[in-house]
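Everything below concerns the one structure shown next.
The values are calculated or read from the model by the stated rules, or taken from the named source; none is laboratory data. Just so it is clear, the structure is predicted and the values come from calculations on it, not from any experiment. Counting neighbours? That spans all protein chains shown, and the Cβs are built from the backbone with ideal geometry, glycine included.
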Amino acid sequence: MSTASLVMIVLSALTTAAGLPCCLGCVNYLAVPLSMATVLVGLAGLAFDKDPATGTTRDLRIHLLAVVLGVTFAAIGAVRCAAGGGCV
């Protein structure tokens with residue numbers, strides 16, 4: 001599950017960074033939903049990726065990082081979409 005969180009963090013970071021330049025702002029329409037999916041994967045990891053012996057969450061920091069960065073990247077992408085006038 002932590003691998004999925006890491007892959008989603010990298011994908012959402014790349015799409016958000018690709019959507020920042022002037023001519024590629026339409027990429028943010030892909031980056032925002034992908035970043036929200038990163039948040040969902042991080043939350044699923046926090047809820048279901050438990051160690052059976054102790055009951056604690058495995059790779060807690062990675063899953064928390066997925067949630068925090070997913071929200072951050074979604075906010076950046078949404079602001080960038082709004083700055084472009086919301087037009088595709």
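Within the range 30-45, restricting attention to residues that are in contact with a Ser or Thr (Cβ under 6 Å, 6 or more places away or on another chain) and among the aliphatic types (A, V, I, L, M), the residue that is surrounded by the most Cβ atoms within 10 Å (Cβ to Cβ) is ALA31. Among the residues of the range 8-61, those that are out of contact with any Asp or Glu (no Cβ under 9 Å at 6 or more places or on another chain) and among the polar types (S, T, N, Q) comprise SER12, THR15, THR16, ASN28, SER35, THR38, THR54, THR56.
Give me the pairs: first residue in the range 1-27 and closer than 16 Å to ALA82 by Cβ and without any contact (Cβ under 8 Å) to a residue 24 or more places away in the chain, second residue outside any helix (DSSP H, G or I) and not β-branched (Val, Ile, Thr), beta-carbon distance under 8 Å, and six or more apart or on different chains, which are they? Correct list of pairs: VAL27/GLY19.
Table: residues versus (1) under 9 Å from the mean Cα position of the chain (by Cα); (2) modelled with pLDDT of 95 or more.
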site: MET1; (1), (2): no, no
site: GLY19; (1), (2): no, no
site: VAL27; (1), (2): no, no
site: ASP51; (1), (2): no, no
site: GLY70; (1), (2): yes, yes
site: ALA75; (1), (2): no, yes
site: VAL79; (1), (2): no, no
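Cβ separations smaller than 7 Å between residues 6+ apart or across chains give the following pairs from the range 28-39 residues that are under 18 Å from ALA83 (Cβ atoms) to residues that are surrounded by fewer than 22 Cβ atoms within 10 Å (Cβ to Cβ) and polar (S, T, N, Q): LEU30/THR15; ALA31/THR15.
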